[in-house]
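The values are calculated or read from the model by the stated rules, or taken from the named source; none is laboratory data. Remember, predicted model here, so these are calculated numbers, not experimental data. All Cβ positions, even for glycine, are placed from backbone atoms using ideal geometry, and neighbour counts span all protein chains on display. To get the accessible areas, we keep the full protein, side chains included, count just its heavy atoms, and leave off ligands, DNA and RNA. Shrake-Rupley method; radii C 1.70, N 1.55, O 1.52, S 1.80 Å.
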Protein chains: 2
Amino acid sequence: MSAVRNVLFIMCDQLRRDHLSCYGGRVPTPHIDALAARGVVFDHAYVQSGVCGPSRMSYYTGRYVTSHGATWNRVPLSIAEPTLGDYVHEIGRSVALAGKTHVMPDDDGLARFGIAPDSPRGVRLRAGGFVEVDRYDGHLPPGPESGYADWLRARGYAGADPWHEHVIAAADGGRVVSGWQLRNAHLPACVAEAHSETAYMTDVALDWIRAQRDAPWVLHLSYVKPHWPYLAPAPYHAMFRGADTGPIVHGPQDGTADEHPVMRAYRRHDECQSFGREDVARHVRPAYMGLVAQVDAHVGRLMAALEADGRLRDTLVMFTADHGEFLGDRGLGEKELFHDEVVRVPFIVVDPDERADATRGRRDARFVEAVDVVPTILAALGGGEAPYRCEGRSLLPLLRGEAPGAWRDAVYSELDYSFRRARLVLGRRAGECRGTMVRTAEWKYVAWQGFRPQLFDLARDPLELRDLGAAPGMDRVRADLHARLCDWLATRRNRTTMSDAAIEARTDLHRRFGIHIGIW
Amino acid sequence: MSAVRNVLFIMCDQLRRDHLSCYGGRVPTPHIDALAARGVVFDHAYVQSGVCGPSRMSYYTGRYVTSHGATWNRVPLSIAEPTLGDYVHEIGRSVALAGKTHVMPDDDGLARFGIAPDSPRGVRLRAGGFVEVDRYDGHLPPGPESGYADWLRARGYAGADPWHEHVIAAADGGRVVSGWQLRNAHLPACVAEAHSETAYMTDVALDWIRAQRDAPWVLHLSYVKPHWPYLAPAPYHAMFRGADTGPIVHGPQDGTADEHPVMRAYRRHDECQSFGREDVARHVRPAYMGLVAQVDAHVGRLMAALEADGRLRDTLVMFTADHGEFLGDRGLGEKELFHDEVVRVPFIVVDPDERADATRGRRDARFVEAVDVVPTILAALGGGEAPYRCEGRSLLPLLRGEAPGAWRDAVYSELDYSFRRARLVLGRRAGECRGTMVRTAEWKYVAWQGFRPQLFDLARDPLELRDLGAAPGMDRVRADLHARLCDWLATRRNRTTMSDAAIEARTDLHRRFGIHIGIW
């Protein structure tokens, strides 16, 4: 082990923490577990939003959703928001991308500043600061930013849209059926495992890493799985059965009039209508578990190659997810909202620095947030303190057994469901659909615009089965947590053009600049 | 009267509302009163911060301070914040500037986007979107963006720094003394009235307007007075006496241990040390009043010229201030904090459109905020609805006697005293120094980071003499107002790259884009 020279920041899409064996899950994930053994497993890592776009923008900017403003999928990230790639660029390096970012280009911003979209600066800004080796966001046919479609064709997957025709297609007897339909989740995908999305992007990453030869590198490898469509290639499609899928959790208030109105509205979404049926959840979970096992296998392939090349010695590896998913728990499907199935994610960091030797294999119960990734990577690369506008903290002191001063005692997550059918169900306007969560050691509290809050007593009810948001006798708890949320909102880093440090260096110095106020 | 063709947006610096005769004040201001007679006088107009920089950035962006982020003087306005000038530019016109803006250029932003500071775009962005005819921020010698220093020299005011040597200098017997010192406020400035800052900028404005000939125009005429240094040219220096200055207001808690800690800390500032002495307040107020009378005279000169040119018929005139000042009331000097002397400003609008004939000479008690200026000007110029990110509302419906739907029932103002000695007095870090005010019809409530709130019962205590922030029996009132503040904070327009309307047009339409989530 030696100093950090490279960074490999691996993200999975929609990977549920409690499915990994190192987090007590039912999917054997020996290769991810091996990362855990070499690094630190964070047990309380939370994303800033339970949906891809805003969560990733927090990972990439080091800022909460209310600060970066890209509140849901497909909302462009303002080009005024510097990203991990931009910060690393400032210290003379770059962040390569293989896979998904969900960054939507801020073309209005480019136009405002007269930046040609195809200029080097325009290309970088449109990509959220990443240098795109191969960008592929998944859940739609690969676009021109990805080589996947051509790569598939070169391997015999013919057709105008090999993704729809092979990758998310399955053969049901003689009939080709679609992976969009949950009923087909038990079938193998019409793509060989070695040609699947996960395999392809691992190949891209490995080829790119080897092409760097002796140059140090930073790579964001961002898998689009185990996100839907829920269709695994053989043999992963058949690795698990319904009986392997474990309990399905239901709370006493699920779907009743006592349930929170936003939760009830979410039940009207297609994915909740489907996953609300236990037979559907039992039918789909094995495919999801297979996709998780497949990701693990490719993480293993990647790590083996790094080890063979001597790169494990000098590469910081982070492994996490943009959010989890319900998979039928609570009668819900998919993601969003604020239950732990969605907002609490796997988060493992392997720091090759010898100062981290003391923590290898440890579990750390302290709160970690997605916004910590930017400060951590910058610190690991010798970039010093995080930029002022970053709202997260470097995890290096935790990894290296240092005393980081007072650590945070709460995490925050946000949702803007303006884009969702739930808004229509509830008869609300866009802009009236925000939820904000604070989770402390004891409580999870969610404030909703226009509705009562949600409250869970995590000590007595760790599965969050009983919503105390309207329960009598809890007024004081709710008020205290609401006050925490308000204080948090009131202290966001909205003064982005001048740091606190710069202000402290010039406080009360107007006389020095020739301004003499109020002297007799 | 006819349709709006031109806009004249006049701002005074540090002009206290209750000093104008049309607001019941002791300074006869016949020319401003004439505007009032032709237009609508808003009785409850509030600025978004009681200090130049953040207040003006709200006037210029149509956004609250927490949204635009320029929280105090000298904090650059992010170039990602479009301004009045930018919006007007988008409809093919421009906003000229004569006077002060206090916009600090966001040079880091320019560098990020590769915009040369001296390129046309760079010049416009650095100027906050204004086309600078003559930019002069006052309180320091005029820089190269203003012609004032050369203009003075051409009129015989010799020296390297004619501002210090003449404009804010006075002759006390044979000795030249400085206008920085309050003790000299009774003396006439060493500049002729016709060559004073207010006269100069009126000349600049008039020359520019006439140079437009038949072309329509938008001008921001932004006087640096009656802001300090408190030195009026003859005859205005001697127009008022101490006996004319009216009562000085003191609350029972002023300076006592019961007073709010932030208020007490402000008393340690030089200006409060000085203005806390009644003799100083009585000594300075006449000069301030003279400066107000002088502004009025030049407004009269300007309006007479516009009338002679036929421009009153087609020019929308707005007259307001960036904030007021204490002038010794409460034992305080200068500005900041949240009392009405500071945050409630004069606000008069003359709309030449015949649809506004019915409201001429009226007083309107509805709440108006600085953020309303951008939407109002855009609407008047036919620019349609305000851009989504604007947080204010057009006042045209109020001016034209239309029913604007539910109007706002509260106003908001903010302060970041990180830059001030008060922070050091209170032993706080930058970033821990925010105050946020909500003012409803009945109450004014200020939440302070780290301290108890302030609360004033405006029905029983319109002068805000008794702070009920710690008074017993008021918990419910405070909680309700605090909740309003939280709700307000949680609904800021931080999603700047996509509007609510755009979201409403695409809600729940993922299937249309080929994404089929959760179907059986």
Please determine whether any residue of the range A:80-101 is modelled with pLDDT of 95 or more, over 17 Å from the mean Cα position of the chain (by Cα) and of a type in the set (S, T, Y). yes
Check B:G138, B:G173, B:G114 and return the single one that is within 27 Å of the chain's Cα centre (by Cα) and on the phi > 0 side of the Ramachandran plot. B:G138
Condition check: aliphatic (A, V, I, L, M) and either over 25 Å from A:V368 (Cβ atoms) or within 14 Å of chain B (Cβ to nearest Cβ) (or both). Does A:L468 satisfy that? yes
Residues in the range A:76-131 that are more than 8 Å from every other protein chain (Cβ to nearest Cβ), basic (K, R) and not in a loop (DSSP other than H, G, I, E, B): how many? 2
For the range A:242-259, check the following and say yes or no: at least one residue is acidic (D, E), modelled with pLDDT of 95 or more and under 25 Å from the mean Cα position of the chain (by Cα). no
Restricting attention to the range B:307-351, the residues that are more than 14 Å from chain A (Cβ to nearest Cβ), out of contact with any helix residue (DSSP H, G or I) (no Cβ under 6 Å at 6 or more places or on another chain) and assigned to a loop (DSSP other than H, G, I, E, B) number exactly 6
Condition first: crowded, with 24+ Cβ neighbours inside 10 Å and more than 21 Å from B:F347 (Cβ to Cβ). Now tell me which residues in the range B:288-330 satisfy that. B:G290, B:G328, B:R330
Among the residues of the range A:232-246, are any aromatic (F, W, Y) and closer than 15 Å to A:L291 by Cβ? yes
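Quick grid of which residues meet (1) over 24 Å from B:P226 (Cα atoms); (2) open to solvent by 10 Å² or more (accessible area, probe 1.4 Å); (3) without any contact (Cβ under 8 Å) to a residue 24 or more places away in the chain:
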site: B:D351; (1), (2), (3): yes, no, no
site: B:D357; (1), (2), (3): yes, yes, no
site: B:R360; (1), (2), (3): yes, yes, no
site: B:R363; (1), (2), (3): yes, yes, no
site: B:D372; (1), (2), (3): no, no, no
site: B:T376; (1), (2), (3): yes, no, no
site: B:A380; (1), (2), (3): yes, yes, no
site: B:G383; (1), (2), (3): yes, yes, no
site: B:A386; (1), (2), (3): yes, yes, no
I'm trying to understand the selection: among the residues of the range B:486-520, which are at the interface with another protein chain (Cβ under 7 Å from one of its Cβ atoms), in a helix (DSSP H, G or I) and buried (at least 17 other Cβ atoms within 10 Å of the Cβ)? B:C486, B:L489, B:A490, B:I503
A:D372 vs (1) more than 28 Å from A:L468 (Cβ to Cβ); (2) in a loop (DSSP other than H, G, I, E, B): all pass except (2)
Within the range A:66-87, which residues are among the acidic types (D, E) and either open to solvent by less than 10 Å² (accessible area, probe 1.4 Å) or in contact (Cβ under 8 Å) with a residue 40 or more places away in the chain (or both)? A:D86
Restricting attention to the range A:55-75, which residues are basic (K, R) and within 13 Å of another protein chain (Cβ to nearest Cβ)? A:R63, A:R74
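Report, by residue number, each residue of the range B:456-465 that is touching a strand residue (DSSP E or B) at 6+ places or on another chain (Cβ under 7 Å) and assigned to a loop (DSSP other than H, G, I, E, B). Before you say what the answer is, go through the steps one by one.
Just the residues of the range B:456-465 that are touching a strand residue (DSSP E or B) at 6+ places or on another chain (Cβ under 7 Å), to begin with: B:456-458, B:464.
Within the range B:456-465, B:L458, B:E464 qualify.
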The one condition A:L463 fails out of (1) aliphatic (A, V, I, L, M); (2) under 23 Å from B:V438 (Cβ atoms); (3) modelled with pLDDT of 95 or more is (2)
Within the range B:1-56, of all residues that are among the aromatic types (F, W, Y) and in contact with a Phe, Trp or Tyr (Cβ under 8 Å, 6 or more places away or on another chain), the one surrounded by the most Cβ atoms within 10 Å (Cβ to Cβ) is B:Y46
Exactly one condition in (1) over 21 Å from the mean Cα position of the chain (by Cα); (2) within 12 Å of chain B (Cβ to nearest Cβ); (3) under 22 Å from A:E341 (Cβ atoms) is not met by A:L458; state its number. (2)
Give the range A:253-288 a look and list any residue that's over 21 Å from A:R26 (Cα atoms), in a helix (DSSP H, G or I) and not polar (S, T, N, Q), or say none. A:P261, A:V262, A:M263, A:R264, A:A265, A:Y266, A:D270, A:E271, A:C272
Restricted to the range A:396-420, and to residues that are away from every other protein chain (no Cβ under 14 Å) and hydrophobic (A, V, I, L, M, F, W, C), which residue is farthest from A:G53 (Cα to Cα)? A:A403
Sort out which residues of the range B:421-455 are within 13 Å of another protein chain (Cβ to nearest Cβ) and in a loop (DSSP other than H, G, I, E, B), and write them in order of number. B:G427, B:R428, B:R429, B:A430, B:G431, B:E432, B:C433, B:Q449, B:G450
Go through the range B:111-142 and give me each residue that's open to solvent by less than 30 Å² (accessible area, probe 1.4 Å) and either more than 27 Å from A:R112 (Cβ to Cβ) or touching a residue at least 40 places away in the same chain (Cβ under 8 Å) (or both). B:L125, B:A127, B:G128, B:G129, B:F130, B:D134, B:Y136, B:G138, B:H139, B:P142
Against the definition (more than 20 Å from B:W163 (Cα to Cα), hydroxyl-bearing (S, T, Y) and out of contact with any Leu (no Cβ under 7 Å at 6 or more places or on another chain)), how does B:T256 come out, yes or no? yes
Looking only at the range A:88-110, which residues are within 9 Å of A:G129 (Cα to Cα) and either in contact with an Asp or Glu (Cβ under 7 Å, 6 or more places away or on another chain) or open to solvent by 10 Å² or more (accessible area, probe 1.4 Å) (or both)? A:H89, A:S94
Return the residues of the range A:180-229 that are within 14 Å of chain B (Cβ to nearest Cβ) and among the hydrophobic types (A, V, I, L, M, F, W, C); say none if nothing qualifies. A:W180, A:L182, A:A185, A:V224, A:W228
Flagged pairs (Cβ under 6 angstrom, 6 or more apart or on separate chains; first in the range B:164-190, surrounded by fewer than 19 Cβ atoms within 10 Å (Cβ to Cβ); second of a type outside the set (G, A, S) and in a helix (DSSP H, G or I)) are B:V177/B:N184
What are the pairs, 6+ residues apart or on separate chains, where a residue within the range B:251-270 that is under 11 Å from B:Y417 (Cβ atoms) and surrounded by 21 or more Cβ atoms within 10 Å (Cβ to Cβ) has its Cβ under 9 Å from a residue that is modelled with pLDDT under 95 and aliphatic (A, V, I, L, M)? B:H269/A:I517
